[in-house]
Amino acid sequence: MTSRTEGREMTIDAAVLERHGVTRDEYRRIVELMGREPYLTELGMFSVMWSEHCSYKSSRVHLKTLPTDGERVLQGPGENAGAVDVGDGLAAVFKIESHNHPSFIEPYQGAATGVGGIIRDIFTMGARPVALLDSLRFGAIDRPPTRRLVKGVVAGIGGYGNSIGIPTVGGEVMFDESYGGNPLVNVFCLGVARHDAIVKGVASGVGNPVYYVGAKTGRDGIHGATMASAEFDEKSAEKRPAVQVGDPFMEKLLLEACLEVMKTDAVVGVQDMGAAGLTCATSETGSRGGVGVEIDVTLVPQRETGMTPYEIMLSESQERMLLIVRRGREAEVERIFEKWDLHAVRIGEVTADGMLRVRAGGEVVAEMPNRALTDEAPVYRRPMREPAGHDERRRIPSDALGVVLPPQDVFLQLLASPTVASKRWVFEQYDHMVRTNTIAAAGAAAGVIRLKGTRRALAMSVDGNGRFCLLDPRHGAALAVAEAARNVACSGATPIAATNCLNFGNPERPEIMWQFAEAVAGIGEACRALGTPITGGNVSLYNETDGQSVLPTPVIGIVGLLEDASAVRTRVFPAAGLDVVLFGENLGELGGSEYLKTMHRLVRGMPPALDLARERALQALVVRLIGEGRLASAHDCAEGGLAVTLAECCFESGGVGAAVDVPAAPSDGGVDTVIATLFGESASRVVAAVAPGDVAAVLEAATAAGVPARRIGRTGGDRIVIAVDGARAIDCALGEAETRWATSLAHWMEGRAA
Amino acid sequence: MTFAVVVFPGSNCDHDAYHAIKHVLGEDAVFVWHKETSLHGADVVLLPGGFSHGDYLRTGAIARFSPVMRAVEDAARAGTPVLGICNGFQVLLECGLLPGAMLRNRDLKFHCEFVHVRVERTDTPFTRAAREGQVLRLPIAHGDGNYWAPPETLDALERGGQVVFRYATAAGEVTDEANPNGSVHGIAGICNEARNVVGLMPHPERACETAVGSDDGLVVLRSVLGTMAGDGALEAASR
């Protein structure tokens with residue numbers, strides 16, 4: 001037999017199954033669905049399609065509970081990306097995806113291909129990608145391996161996004177030891193399309209040709225999806241060949257060519273080849289369309305010699321797409337790809353029998369129902385258990401707090417903590433202005449891009465807090481939704497839809513599965529209450545190294561619509577002599593706070609309370625007041641509490657300080673009242689600057705909306721002064737505070753003087 | 001006036017330039033694909049930013065071989081105003097229309113931020129509407145913007161008044177701290193001896209509306225309006 005059919009002769013034994021990550025039960029199911037023993041190529045195809053990464057087998061039962069409908073939703077989960085109506089006949093097409101495992105093994109390429117993959121998901125839908133955001137988590141910054149990972153990941157994101165010309169307009173970066181062996185790289189992309197131009201990943205029309213376009217297929221990334229579905233151990237470095245190499249130039253050509261082709265109606269369906277490559281693209285388009293797909297792997301453009309059908313079907317080489325073309329229109333499609341110097345090769349056609357049939361020349365090397373690979377994948381209801389010691393963890397041990405430093409020292413230390421400090425070192429390496437739509441730049445809470453040709457703009461934010469989720473996954477996940485939506489609202493945009501990236505440990509451990517299920521429930525509750533349906537997303541499990549899981553980290557991306565782009569606001573106080581208004585209530589909640597983590601190395605306590613009705617009222621109020629031009633700036637209170645929030649409003653203002661006086665918050669379990677007031681992280685709070693003449697109207701509007709609000713001080717001067725109940729707690733030169741905040745990250749990353 | 005915006009594979013500021021010319025300035029703009037051999041009689045040629053051919057080799061090194069570049073070179077020799085922005089500047093260096101070369105930024109990192117540049121000369125078609133010494137707030141976005149030339153070339157550039165823009169502080173002082181990439185003599189942009197070909201690393205086309213942070217770049221694009229190749233206005237301005 002030729003090497004081409006090697007898959008047929010090999011016996012499938014326990015060792016082969018283990019190498020493929022297929023359990024005995026799953027194998028029995030495969031045999032049952034096939035009605036025979038699979039060939040090795042077929043086993044390989046099942047193993048990637050049934051991997052956790054592609055099949056969502058552990059998460060599916062829970063994800064089904066998420067709200068996915070809404071009057072603006074044009075496309076919910078199940079396609080390459082979600083889509084919502086944003087007016088003027090336009091749709092925002094967006095999704096978030098993880099590339100955690102590859103980024104640990106090879107940070108530059110792992111992150112770069114994460115960016116490339118999510119961009120493909122967006123233009124696959126016929127939308128032009130116009131904005132990127134990244135949510136990143138790394139280990140403790142004082143460890144050299146962390147700095148190597150940060151440098152590699154940031155360079156990789158920049159290297160891809162900058163080159164392809166899509167601005168990275170925002171994101172977040174946080175540090176915690178739990179991510180040391182397993183960083184999180186979640187990339188969000190948003191594109192814009194006309195409603196009627198949205199293209200789906202559906203094969204239809206028996207006899208329609210199936211085209212392969214883009215880069216050639218190599219041996220890179222084989223079993224990438226399987227790798228992303230296992231824990232790390234000391235042997236993980238050996239998996240380096242399973243990380244793909246990105247080519248942003250190729251993707252730029254592919255993007256332009258695909259959008260040009262999709263403007264014609266010569267294309268029936270499109271799917272990118274990401275995880276599980278050609279196997280996934282053929283079987284998913286076929287099963288969505290209820291048709292069969294037949295291809296010949298010898299026609300696939302190959303970068304290396306002697307590739308087997310197994311390797312071709314499982315390769316995860318980047319920058320490749322599958323197109324289903326209307327019969328008779330082939331020449332038109334080929335002409336466009338030729339203009340862009342890209343391969344467009346007919347590799348097969350749509351059939352009527354619902355089968356995925358893979359030939360190597362004359363010989364059939366794999367044949368199974370499309371549905372067996374996709375819809376028939378196993379679904380697990382994995383056992384769940386609340387972790388031991390969970391209640392104990394939710395109590396702040398006041399005896400462990402030790403010496404409490406003066407508030408001003410705490411303030412300066414928090415400003416320099418890498419999670420709070422300015423991320424300028426990161427975002428200056430990203431082109432955040434290309435396409436000239438960015439009207440609220442990186443470094444503001446939400447990224448905002450205008451929609452040229454309309455009055456509108458879109459705001460977007462990605463947020464998550466693993467500490468809150470460790471302490472209470474349901475509640476912590478709801479807080480993440482609330483924070484992302486609040487960030488969007490603070491720019492003046494109404495939150496309209498959500499996407500999620502769920503980063504957890506090994507789901508085969510009941511405690512992890514419990515965290516996951518609770519978090520999904522929390523996301524569902526919050527998204528329902530805030531009117532932001534989930535239109536898609538991604539699950540990343542097995543984020544563990546040597547049995548140590550990352551903090552449970554659901555990351556939420558929220559998209560908001562700003563009716564009048566010129567009304568956009570940022571966090572920065574624009575002038576002296578404005579009144580400072582605090583919306584929401586300060587309950588002095590320190591559970592899971594940056595204060596406890598930075599000052600006492602503790603992740604303890606109950607995360608802040610969240611009243612979703614009140615949260616929604618607050619967001620609606622802020623959006624309305626910004627629309628009326630009554631807020632000169634708006635900033636959400638998050639890590640570091642009120643003191644850090646107020647400082648952030650002063651930073652990058654060109655020297656506008658502020659002086660405020662706030663009432664003491666109720667004490668939280670024996671913790672110092674002043675500390676709790678300044679650094680507690682109560683939810684549903686916003687700090688805004690208001691022209692003195694508008695304050696009465698603003699406070700009145702707040703009362704009418706049922707949102708607590710009070711004037712706490714005034715902008716101006718060159719100091720940050722915060723008093724609690726009239727007693728001065730912080731009185732610091734703005735310049736000193738800003739230097740701490742602005743230089744900390746560069747200092748850590750490059751050893752530059754802070 | 002009609003601007004030809006040349007599109008190389010990998011250009012990514014082509015649409016930004018088009019938008020600024022067409023929708024902000026209200027002038028005509030046409031995209032010219034790099035495989036074309038004619039500029040369709042455009043009055044101004046603009047080579048936009050981006051990563052032509054991926055720039056996996058030296059920046060702009062492959063783009064100079066595109067068929068359209070022969071037309072660009074002919075137009076430049078005939079006196080047509082030619083503006084190269086960022087990658088477009090790098091292409092002009094590679095094809096020899098402008099002297100010198102680009103190195104990686106001195107800290108080896110990509111930089112995207114607003115910087116200030118001082119207008120050194122107003123006798124080019126892209127600065128004649130500016131004041132000498134005027135400070136413009138423009139964005140940069142590049143990894144290879146560290147301009148370099150051998151000493152004799154630098155001397156010639158300085159003597160001939162070919163340094164058109166320098167990185168400066170907001171007050172117009174040329175300092176090392178205000179230099180984002182390590183360029184010699186703080187050079188942000190230069191012109192050829194005939195003064196009709198200008199290249200600069202900052203992006204004036206990204207700074208044409210206050211909504212996106214600055215409209216200081218307008219003066220660069222506006223300067224060229226009414227400046228036909230060989231018309232008297234340019235000579236008058238340079239006197």
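How much of the DSSP beta bridge set in chain A is antiparallel, as a percent to the nearest 5?
Values: 97 of 122 bridges.
So the antiparallel bridges in chain A amount to around 80 percent.
Output the antiparallel fraction of DSSP beta bridges having both residues in the range A:585-738, as a percent to the nearest 5. Numbers along the way, then the final one.
Values: 13 of 18 bridges.
In the range A:585-738, DSSP labels about 70 percent of beta bridges as antiparallel.
Any idea what % of Cα-Cα pairs in the range A:101-186 are farther than 15 Å? Could the numbers behind the result be given before it?
Numbers: 1999 of 3655 pairs.
Value for the range A:101-186: 55 percent of Cα pairs lie more than 15 Å apart.
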Problem set entry | Whole-Å distance, taken between Cα centres, linking the range B:25-63 and the range A:375-418 | 54 Å
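Helix-only mean residue ellipticity at 222 nm, chain A, DSSP H runs n ≥ 4 weighted -39,500 (n - 2.57), per residue, nearest 500. What is it?
On the way: 27 runs with 268 residues, N = 754.
Helices in chain A give a 222 nm mean residue ellipticity of -10500 deg cm²/dmol.
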Exercise. Is any residue of the range A:537-565 close enough, with backbone N under 20 Å, to a label point placed 7 angstrom from the Cα of A:Arg601 along the Cα-Cβ axis, and if so, which?
Worked result: A:548-551
Seminar exercise, completed: If each part is reduced to its alpha-carbon centroid, the range B:80-159 and the range A:431-475 end up apart, in Å, by 33 Å
Exercise. Which whole number of Å³ per residue matches the convex hull of the alpha-carbon atoms in the range A:372-432?
Worked result: 198 Å³
Problem set entry | Residue order, fewest to most surrounding Cβ atoms within 10 angstrom, among A:Arg329, A:Arg72 | A:Arg329, A:Arg72
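What are the equivalent ellipsoid semi-axes of chain A, built from the alpha-carbon gyration tensor (square roots of five times its eigenvalues), in whole angstrom, biggest first? Write down the numbers at each step before the final one.
Numbers: eigenvalues 437, 153, 95 Å².
One finds semi-axes of 47, 28, 22 Å for chain A.
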For this session: Let me know the shape class of the range A:1-138, please: from the alpha-carbon gyration tensor, a ≥ b ≥ c as square roots of the eigenvalues, rounded when a/c is under 1.5, otherwise prolate if a/b is greater than b/c, or oblate.
Result: prolate
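What does the charge dipole of the range B:2-238 about its Cα centre add up to, to the nearest 20 debye, if the Cβ of each Lys and Arg holds +1 and the Cβ of each Asp and Glu holds -1? Show your work: numbers first, answer last.
Working: 19 positive and 29 negative charges, 48 e Å.
In total the dipole reaches around 240 debye.
Share of antiparallel DSSP beta bridges in the range B:2-238, in percent to the nearest 5? Let's see the in-between values first.
Working: 23 of 39 bridges.
Just about 60 percent of them are antiparallel.
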Exercise. Most exposed first by the Cβ proxy, i.e. fewest other Cβ within 10 Å, how do B:Thr210, A:Thr285 rank?
Worked result: B:Thr210, A:Thr285
Exercise. So how far apart, in nm, are the two label points at A:Val379 and B:Arg159 if each is 7 Å from Cα heading toward Cβ?
Worked result: 8.2 nm
Exercise. Which of A:Gly110, A:Gly82, A:Pro129 sits farthest toward the positive end of the charge dipole of the range A:39-140, with +1 on the Cβ of Lys and Arg and -1 on the Cβ of Asp and Glu?
Worked result: A:Gly110
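Mind checking the dipole of the protein assembly as shown: about its Cα centre, +1 per Lys or Arg Cβ, -1 per Asp or Glu Cβ, Debye to the nearest 20?
Numbers: 95 positive and 123 negative charges, 122 e Å.
Taking the Cα centre of the protein assembly as shown as origin, the dipole is about 580 debye.
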Exercise. What is the P(r) of the range B:2-238, as percent of Cα-Cα pairs per 10 Å bin from 0?
Worked result: 8, 37, 41, 14, 0
For this session: May I ask you to list the aspartates and glutamates whose Cα is less than 14 Å away from that of A:Lys200, ignoring any residue fewer than eight positions away on the same chain?
Result: A:Glu79, A:Asp121, A:Asp265, A:Asp272, A:Glu284
For this session: Rank these for me by crowding, A:Asp431, B:Asp16, going from fewest to most other beta carbons within 10 Å.
Result: B:Asp16, A:Asp431
For this session: Would you grab the residues whose amide H sits under 5 Å from the one on A:Lys95? Only those 5+ places off in sequence or on another chain, please, with H modelled 1.01 Å from N.
Result: A:Cys189
Exercise. Using 1/(1 + (r/R0)^6) with R0 = 22 angstrom and r between the beta carbons of A:Ser667 and A:Ala613, what's the FRET efficiency to the nearest 0.05?
Worked result: 0.25
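Values in this text are rule-based calculations from the coordinates and carry no lab data. None of these values were measured; they are calculated from a predicted model. Quick reminder, even Gly has a Cβ in these numbers, built from the backbone with ideal geometry, and neighbours come from all protein chains shown.
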